[in-house]
Ligand code: ZN
């Protein structure tokens, strides 16, 4: 029996309460202290999970109460006691995200960071976890889905599990309920997908989904090679109306996705191609699965010892999120899910997300990584003007590195060589990475001097030279204006580019057009409009929808002046919208025809047709 035993039960679905009992057989006789993480690995925001702990009590083995004193917001001290002690508390679980805990009459989900107190001074010790059914969960025939190592469980998965230490314990999220389970093998490894949430499961195209996921997982397993780091894998998927997100773990991932992003049996009747939403879902699966290697095993050294009390700071997220974002779509191409043209267009859209953001000239990717706690994870309405994303620009650095290495070595080497070196020397051995080490490994694995590259694009704010890089591979990189405010980039048949406001537009509940983000130095911003303003009329005509506003603007020309009435809070203002030229910030990538300027025989192979 472990020195540390957790026992958790889904106690009350209507009050959304888990009951947790923690028994410590050999506590610090001078007074044991306990703490709960303030953040969860993979999500860089102080979340103070302790705010959901209720009615924390301590007692001896015989039930004699012991006093518990809060020392800090997430840290408690129990009175000294020689023998075994028991801590009991409840956890309020009403956060339907991959980062917290959620429990109602339909299911229960938790991350260990939300529910399991760490035993200070004994975090390195193995522990046991008993997941105990409640009368409610029994009546509802709930089952358990988790990759926690099993010690002794019943057919439904309730019973005893174990974990090697505290950081391992919190890396196995647990789902309980009547989820739908699908299973497949990838390279001989058993994989499961558990779907939670209201879903018409009989309508889902399970064959398509299993076929696509098998191809994605096998492509990634074969990329990194044997021995494989996992013995099993679980995709735990929560399906809602419109959410999107994922969190990676060592042999599982918790995902949340929109119902409409799943593949449906009747989709084939109208459209042979996979829907954009489904491709997005597959990219999410590909992304989180890739983290099995890149960040869960190849990882910064400071992550390996993080106390999860204070933020940890690293420049390296450009690699862990950027490179993973680059590969997530490329894996779909390598697996034969996205053809050449679709992948290139997908890449153009990904690139557009960077080129649309003037904030990329205000913040380097390295700084975006370092300051993620206050900037990237706490984005406000000014984010497009002020910050850069280490996901999106990080993926452009990955792309730029891959093209540079391929071009300089005549395709003898690529970014894969860097990745595999990191895997062999760090991921597979468990050795953590120091700051700056990845950059030197990029140089060593490619045989190139990349100091200038990193200085300009990682630590500096320059745009990467994609026009010349792509030209060597027979691909044309062009920046064009937006066709409308929702234009996400890529190919367009449209030849005319109507004036744009330079703002993100949504319809408000008042039948007005609301500005959620306003770009500096574009028409709306220069006319004095700000985020939160609601446009009610242009030149005296009511603008009741984004469509109406865009149709109105399309009838006008750059240089026109348009009177504009708008509300800021409950105050009415009037201004004149001068229509400034629309910036070229949408990326378009096209394969050059053989007869075009570059000679075909000199083109290097990348993802050619
Ligand atoms: Zn990620």
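The values are calculated or read from the model by the stated rules, or taken from the named source; none is laboratory data. Just so we're clear, the structure is a prediction, and the values are computed from it rather than from any experiment. Please note: Cβ atoms are built from the backbone with ideal geometry, for glycine as well, and neighbour counts cover all protein chains shown.
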Under 8 Å between Cβ atoms, which residue pairs at least 6 apart in sequence (or on different chains) link something in the range 239-251 that is more than 18 Å from residue 106 (Cβ to Cβ) and without any contact (Cβ under 8 Å) to a residue 60 or more places away in the chain with a partner that is more than 12 Å from the ligand (Cβ to nearest atom) and not in a strand (DSSP E or B)? 244/261; 244/280
Somewhere in the range 333-344, is a residue within 16 Å of the ligand (Cβ to nearest atom) and modelled with pLDDT of 95 or more? no
Do we find that residue 288 is modelled with pLDDT of 95 or more, within 12 Å of the ligand (Cβ to nearest atom) and out of contact with any helix residue (DSSP H, G or I) (no Cβ under 6 Å at 6 or more places or on another chain) in this structure? yes
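Given the residues 509, 493, 443, which is the only one that is free of Cβ contacts under 8 Å to residues at least 12 places away in the same chain and under 21 Å from residue 396 (Cα atoms)? Break it down into steps so the answer makes sense when it comes.
Values: 509 fails: under 21 Å from residue 396 (Cα atoms); 493 fails: under 21 Å from residue 396 (Cα atoms).
Unique residue meeting the criteria: 443.
Given the structure, is residue 347 away from the ligand (no atom under 16 Å from the Cβ) and either on the phi > 0 side of the Ramachandran plot or surrounded by 22 or more Cβ atoms within 10 Å (Cβ to Cβ) (or both)?
Numbers: away from the ligand (no atom under 16 Å from the Cβ): yes; either on the phi > 0 side of the Ramachandran plot or surrounded by 22 or more Cβ atoms within 10 Å (Cβ to Cβ) (or both): yes.
Against the criterion (away from the ligand (no atom under 16 Å from the Cβ) and either on the phi > 0 side of the Ramachandran plot or surrounded by 22 or more Cβ atoms within 10 Å (Cβ to Cβ) (or both)), residue 347 qualifies.
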Candidates 430, 400, filtered to the one that is more than 30 Å from residue 546 (Cα to Cα), loosely packed, with under 14 Cβ neighbours inside 10 Å and within 26 Å of the chain's Cα centre (by Cα): 430
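So which residues in the range 291-300 are more than 10 Å from the ligand (Cβ to nearest atom) and more than 17 Å from residue 165 (Cβ to Cβ)?
Going residue by residue through the range 291-300, those that are more than 10 Å from the ligand (Cβ to nearest atom) are 292-293, 296-300.
Across the range 291-300, the qualifying residues are 292, 293, 298, 300.
Does any residue of the range 17-35 turn out to be in a loop (DSSP other than H, G, I, E, B), under 31 Å from the mean Cα position of the chain (by Cα) and buried (at least 17 other Cβ atoms within 10 Å of the Cβ)? Spell out the reasoning first.
In the first step, residues of the range 17-35 are kept if they are in a loop (DSSP other than H, G, I, E, B); the result is 25-32.
Those left that are additionally under 31 Å from the mean Cα position of the chain (by Cα): none.
No: the range 17-35 contains no residue that is in a loop (DSSP other than H, G, I, E, B), under 31 Å from the mean Cα position of the chain (by Cα) and buried (at least 17 other Cβ atoms within 10 Å of the Cβ).
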Filter the range 306-332 down to the residues that are within 16 Å of the ligand (Cβ to nearest atom) and in a loop (DSSP other than H, G, I, E, B), then identify the one that is surrounded by the most Cβ atoms within 10 Å (Cβ to Cβ). 316
Tell me, yes or no, whether the range 135-142 has at least one residue that is in contact with a strand residue (DSSP E or B) (Cβ under 6 Å, 6 or more places away or on another chain), assigned to a loop (DSSP other than H, G, I, E, B) and over 26 Å from residue 228 (Cβ atoms). yes
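Matching residues to (1) in a strand (DSSP E or B); (2) within 29 Å of the chain's Cα centre (by Cα); (3) within 16 Å of the ligand (Cβ to nearest atom); (4) closer than 22 Å to residue 9 by Cβ:
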site	(1), (2), (3), (4)
46	no, yes, no, no
57	yes, no, no, yes
62	no, no, no, no
77	yes, no, no, no
96	no, yes, no, yes
125	no, no, no, no
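Filtering the range 412-421 down to residues that are away from the ligand (no atom under 16 Å from the Cβ) and under 22 Å from residue 302 (Cβ atoms), which residue is surrounded by the fewest Cβ atoms within 10 Å (Cβ to Cβ)?
We begin by selecting, within the range 412-421, every residue away from the ligand (no atom under 16 Å from the Cβ); these are 412-418, 420-421.
Cutting the leftovers down to under 22 Å from residue 302 (Cβ atoms) gives us 418, 421.
Numbers: 418: 24, 421: 16.
Top of the filtered list is 421.
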Selection status of residue 73, in contact with a helix residue (DSSP H, G or I) (Cβ under 8 Å, 6 or more places away or on another chain), modelled with pLDDT of 95 or more, within 17 Å of residue 114 (Cβ to Cβ) and surrounded by fewer than 21 Cβ atoms within 10 Å (Cβ to Cβ): yes
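In the range 190-211, how many are assigned to a loop (DSSP other than H, G, I, E, B) and without any contact (Cβ under 8 Å) to a residue 40 or more places away in the chain?
Result for the range 190-211: 1.
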So, in the range 137-166, of the ones that are touching a residue at least 60 places away in the same chain (Cβ under 8 Å) and closer than 18 Å to residue 112 by Cα, which residue ends up surrounded by the fewest Cβ atoms within 10 Å (Cβ to Cβ)? 162
Filter the range 238-259 for residues that are away from the ligand (no atom under 16 Å from the Cβ) and within 17 Å of residue 206 (Cβ to Cβ); which is surrounded by the most Cβ atoms within 10 Å (Cβ to Cβ)? 239
List every residue pair whose Cβ atoms lie under 8 Å apart, where the two residues are 6 or more positions apart in sequence or sit on different chains, the first residue falls within the range 274-291 and is over 15 Å from residue 335 (Cβ atoms), and the second residue, located anywhere, is within 12 Å of the ligand (Cβ to nearest atom) and outside any helix (DSSP H, G or I). 288/246; 288/247; 288/248; 288/253; 288/255; 291/42; 291/248; 291/253
Identify the single condition in (1) over 17 Å from residue 186 (Cβ atoms); (2) modelled with pLDDT of 95 or more; (3) surrounded by 15 or more Cβ atoms within 10 Å (Cβ to Cβ); (4) away from the ligand (no atom under 14 Å from the Cβ) that residue 303 does not satisfy, given that it satisfies every other one. (4)
Given (1) within 13 Å of residue 319 (Cα to Cα); (2) surrounded by fewer than 18 Cβ atoms within 10 Å (Cβ to Cβ), where does residue 439 come up short, assuming only one miss? (2)
Residue match in the range 153-163 (condition: at negative phi and touching a helix residue (DSSP H, G or I) at 6+ places or on another chain (Cβ under 6 Å)): yes
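Residue under question is residue 114, and the condition is that it be touching a helix residue (DSSP H, G or I) at 6+ places or on another chain (Cβ under 6 Å) and not in a loop (DSSP other than H, G, I, E, B); does it hold?
Working: touching a helix residue (DSSP H, G or I) at 6+ places or on another chain (Cβ under 6 Å): yes; not in a loop (DSSP other than H, G, I, E, B): yes.
Spelling it out, residue 114 is indeed touching a helix residue (DSSP H, G or I) at 6+ places or on another chain (Cβ under 6 Å) and not in a loop (DSSP other than H, G, I, E, B).
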Quick check on my filter: what residues within the range 64-75 are free of Cβ contacts under 8 Å to residues at least 60 places away in the same chain and not in a strand (DSSP E or B)? 64, 67, 73
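Could you run through the range 368-391 and say how many residues are assigned to a helix (DSSP H, G or I) and within 13 Å of residue 457 (Cβ to Cβ)?
Going residue by residue through the range 368-391, those that are assigned to a helix (DSSP H, G or I) are 368-370, 376-378, 383-386.
Still in the list and also within 13 Å of residue 457 (Cβ to Cβ): 368.
Counting residues in the range 368-391 that are assigned to a helix (DSSP H, G or I) and within 13 Å of residue 457 (Cβ to Cβ) gives 1.
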Can you pull out every residue in the range 374-411 that is more than 30 Å from residue 448 (Cα to Cα) and either free of Cβ contacts under 8 Å to residues at least 24 places away in the same chain or within 16 Å of the ligand (Cβ to nearest atom) (or both)? 374, 375, 376, 377, 379, 380
Do you know which of the residues in the range 215-229 that are more than 15 Å from residue 283 (Cβ to Cβ) and crowded, with 21+ Cβ neighbours inside 10 Å is nearest to the ligand (Cβ to nearest atom)? 224
